[in-house]
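> Quick one: structure below, then a few questions.
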Number of protein chains: 2
Amino acid sequence: MGEINQQIILNSRPEGWVMPENFKRVSGKIPDIGAGEILVRNLFMSVDPYMRSRMNDAKSYVPPFQIGAVLEAGVVGEVIQSQNPKFKEGDVVVGMLGWENYSKSNGEGLLSVERGELPLSYYLGVLGMPGMTAYAGLVDIANAKAGEVVFVSAASGAVGSVVGQIAKIMGCEVVGCAGSDDKVDFLINDLGFDRAFNYKTCGSIAKTIAKLCPKGIDVNFENVGGEIMEAVLWNMRDFGRMAICGMIADYNKAEMSPGPRGMGIIIQRRLKLQGFIVFDNPARNMEYIQKAKIWLQEGKLKYHETVADGLENAPTAFIGMLKGENFGKQIVKIA
Amino acid sequence: MGEINQQIILNSRPEGWVMPENFKRVSGKIPDIGAGEILVRNLFMSVDPYMRSRMNDAKSYVPPFQIGAVLEAGVVGEVIQSQNPKFKEGDVVVGMLGWENYSKSNGEGLLSVERGELPLSYYLGVLGMPGMTAYAGLVDIANAKAGEVVFVSAASGAVGSVVGQIAKIMGCEVVGCAGSDDKVDFLINDLGFDRAFNYKTCGSIAKTIAKLCPKGIDVNFENVGGEIMEAVLWNMRDFGRMAICGMIADYNKAEMSPGPRGMGIIIQRRLKLQGFIVFDNPARNMEYIQKAKIWLQEGKLKYHETVADGLENAPTAFIGMLKGENFGKQIVKIA
């Protein structure tokens, strides 16, 4: 292999918005593997909102990225060398690997997936963490039931688009918001949302939600935080549940943002707000993958990707995703 | 009965802090009763934080007080006339009645209680809504377990003092805060809290909690909101539960207050915040009353009242309670 291993490292920690200069492209060697290890040729990588938190030097459920070290992402790749009995050359694996062409691994945390009719990049989106997150939030955290009103923010995104469609499959009434008229059209016409609006142009978000959800909201799947979360909170019904998945509105602020105003409503309406992450219930994730494959094949679950071509475009794709420029799941094609 | 019926009505809605002029004392007639009704001579009434919300003209789980109408409170009284087969003269009843000497009722929502060894005023505190609220929050909402760290704000108050003692009975480690050194002494020396602090003099509340709860907080019973709730949130452990009972810090603000900063921690630590009110699970309340009587007799549950003498002092007692001037449960002795 005469090729070199292009890598992207964290060059500096962002203050507020992520900038291209926070990243640096370097050329590494293709790693040699030892006993128990495998070498993976990376095919696709994922850029996701949670990565923004890892760029800060703060304790969280995943450790922060280190300055000077190769960044990590969800990756689908092909095993090209193996000294690990669990994997053989040609296997396709998915898991956390580097922003690079070739990654070495001891196999821990990597899952073998089948080459089937569905594109391999799906394992980073609808069949990966975003899809599993959507299902876990609706089922384990919000306990959504048929006939209930479900509201999704960032509804055309990797997680939100799956949330809305699963909620429809479950028999819920689904309302969502997104950041452009095109995305709103997509929600209603392609994904089958009952109602949706453009939060950037609607005027008062709280009043718009009140108009579109006249009975109020039973279940909120919260991806955004900030002003949208406040507006949702005010429109929750008695005994409503808010599955708190992300607060992307806050991730690029240098100062901590205050929470929603009027939190007393949590008491008056006996609301439950619960945070969760995708790793909390592995059995639920396996259940979802089985169901999602069937839903995809039956056409009940639709999936849209934005694919950036080339590892060198990963930083730009990541920044664009944080700004809401992507349509559906943002993927980077590495090879 | 030559006596007159003193009554206190809502004179105007407060803007921000409640003022004495928001109340007005009037003299009414002792009501005549008809078929199915009873006349109650009111003995004790309760002033509680939730009443502040009812002074606003806002939708909530209880309707707002009306200007010009007699205010309502939890009352213990004696039936002195009855045309209702469920009650006889001499019965002691507890329930929502007026801020007045004599109340007429059709008996709906009134509970007969026994004249026993415990003072009748206890049915407005440790054996009433505040006690039941404490138990419901710990058991149904927070699911507190032996060995866990429980944090209580407004810990010397009517609800907080019961929360802390029940949590100790359940085998938890209990930490609380209150607004004076005397109250803090009371928490530790009389009520058996493991640790406590004065939030007005401690400096950084978040750092003080971090010092007193080095492992973090598993269960928070939130009575206060505002700055204290924010400091608690930052000190919660993974999978911690916050039973949201009250936000007294916000009740007297004319503008809506923002929520805690750094709400992303709800996701990172997979926290649950859940609001509740005492009426949500009546069976749990009955279970509590049975247990609480035994705990009181065994001395495991201690109870402290501040009693204002005379109906005319109810507004001052109410305002003082909102400012934290009371010690334990604030009661007004009417007769």
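> Using 7 Å Cα-to-Cβ label points, what is the A:Arg13/A:Glu89 separation (nm, one decimal)?
Going by the 7 Å Cα→Cβ label model, 4.4 nm.
> So, one more: Among B:Lys293, A:Lys207, B:Lys59, what is the fewest-to-most ranking by other Cβ atoms within 10 Å?
B:Lys59, A:Lys207, B:Lys293
> Under 10 Å from the Cβ of B:Ser60, count the other residues' Cβ atoms, weight Lys and Arg +1, Asp and Glu -1, and hand me the total.
Residues near B:Ser60 contribute +3 overall.
> Sticking with this one: May I ask you to sort B:Ile228, B:Ile67 by Cβ crowding, counting other Cβ atoms within 10 Å and putting the fewest first?
In order of increasing Cβ crowding within 10 Å: B:Ile67, B:Ile228.
> List the residue from chain B whose beta-carbon is nearest to the axis that rotates chain B onto chain A, together with that distance in whole Å.
Taking the axis that maps B onto A, the answer comes out as B:Gly259, 1.
> Also, I was wondering about something else. Read phi for every residue in segment A:95-107 and hand back ³J(HN,Hα) as whole Hz from Karplus 6.51 cos²θ - 1.76 cosθ + 1.60, θ = phi - 60°, with x for Gly and Pro.
x, 7, 9, x, 6, 6, 6, 10, 10, 9, 8, 8, x
> Along the Cα→Cβ direction, 7 angstrom out, place labels at A:Ile4 and B:Asp182. What is the inter-label distance in nm?
Computed distance between label sites A:Ile4 and B:Asp182 equals 7.7 nm.
> Filter the cross-link list B:Lys145/B:Lys168; A:Lys59/B:Lys215; A:Lys272/B:Lys207; A:Lys211/B:Lys253; A:Lys145/A:Lys291 down to pairs whose alpha-carbon distance in this structure exceeds 19 Å. Please report the intermediate quantities before stating the final value.
Values: B:Lys145/B:Lys168 10 Å; A:Lys59/B:Lys215 15 Å; A:Lys272/B:Lys207 27 Å; A:Lys211/B:Lys253 28 Å; A:Lys145/A:Lys291 17 Å.
The pairs that break the limit, which is 19 Å between Cα atoms, are A:Lys272/B:Lys207; A:Lys211/B:Lys253.
> Oh, and also: Kindly identify segment B:129-279 as rounded, prolate or oblate by the Cα gyration tensor criterion: order the square roots of the eigenvalues as a ≥ b ≥ c, call it rounded if a/c is under 1.5, otherwise compare a/b with b/c, prolate if a/b is larger, else oblate. Write down the numbers at each step before the final one.
On the way: a/c = 1.17, a/b = 1.10, b/c = 1.06.
Verdict is rounded for segment B:129-279.
> Tell me the distances, shortest first, between A:Ala206 and the same position across the other copies, using label points 7 Å along Cα→Cβ, in nm to one decimal.
2.6
> Convex hull over the alpha-carbon atoms of the protein assembly as shown: what's its volume per residue in Å³? Please list the in-between numbers first.
Numbers: hull volume 115.7 nm³, N = 670.
Enclosed volume per residue, from the Cα hull, is 173 Å³.
> Could you give the nm distance between label points at B:Asp32 and A:Ser27, where each point is 7 Å from its Cα heading toward the beta carbon?
The two pseudo-label positions are separated by 10.5 nm.
> Toward the positive end of the charge dipole of segment B:181-273, about the Cα centre and with charges on Cβ (Lys, Arg +1; Asp, Glu -1), which of B:Thr208, B:Gly246, B:Gly192 goes farthest?
With unit charges placed on the Cβ atoms, the residue in question is B:Thr208.
> Moving on. What size of dipole, in debye to the nearest 20, comes out for chain B about its Cα centre when the only charges are +1 on Lys and Arg C-beta atoms and -1 on Asp and Glu C-beta atoms?
Its charge dipole is roughly 820 debye.
> Under the rule of -39500 (n - 2.57) per DSSP H run of 4 or more residues, summed and divided by the residues of chain A, what mean residue ellipticity at 222 nm is obtained, to the nearest 500 deg cm²/dmol?
Result for chain A, helices only: -6500 deg cm²/dmol.
> Same structure again: Compute the FRET efficiency between B:Asp280 and A:Ala69 as 1/(1 + (r/R0)^6), taking r as their Cβ-Cβ distance and R0 = 45 Å, and round to the nearest 0.05.
0.35
> Same structure, new question: Could you please state, rounded to a whole Å, how far the C-alpha centre of segment B:116-183 is from the C-alpha centre of segment A:115-158?
40 Å
> Now a separate question. Across segment A:170-185, in residue order, what do the Karplus-derived ³J(HN,Hα) couplings come to in whole Hz, using 6.51 cos²θ - 1.76 cosθ + 1.60 with θ = phi - 60° and x for Gly and Pro?
For segment A:170-185, the Karplus curve yields 6, x, 8, 8, 10, 10, x, 9, 8, x, 8, 5, 4, 5, 5, 4 Hz.
> Once you order the gyration tensor axes a ≥ b ≥ c over the Cα atoms, which shape class does chain A get: rounded for a/c under 1.5, otherwise prolate or oblate by comparing a/b with b/c?
Cα axes put chain A in the prolate bin.
> Sketch the reach of a paramagnetic label on A:Ile294 as a point 7 Å from Cα along Cα-to-Cβ, and name the residues of segment A:100-127 whose backbone nitrogen lies under 11 Å away.
none
> So for B:Ser105, B:Ser204, fewest C-beta neighbours within 10 Å to most, what's the order?
Fewest to most other Cβ atoms nearby, the residues stand as B:Ser204, B:Ser105.
Read the figures in this text as sums done on the coordinates, not as results from a lab. This is a predicted model, so every value here is computed, not measured. Cβ: placed from backbone, ideal geometry, glycine included. Neighbour counts: every protein chain shown.
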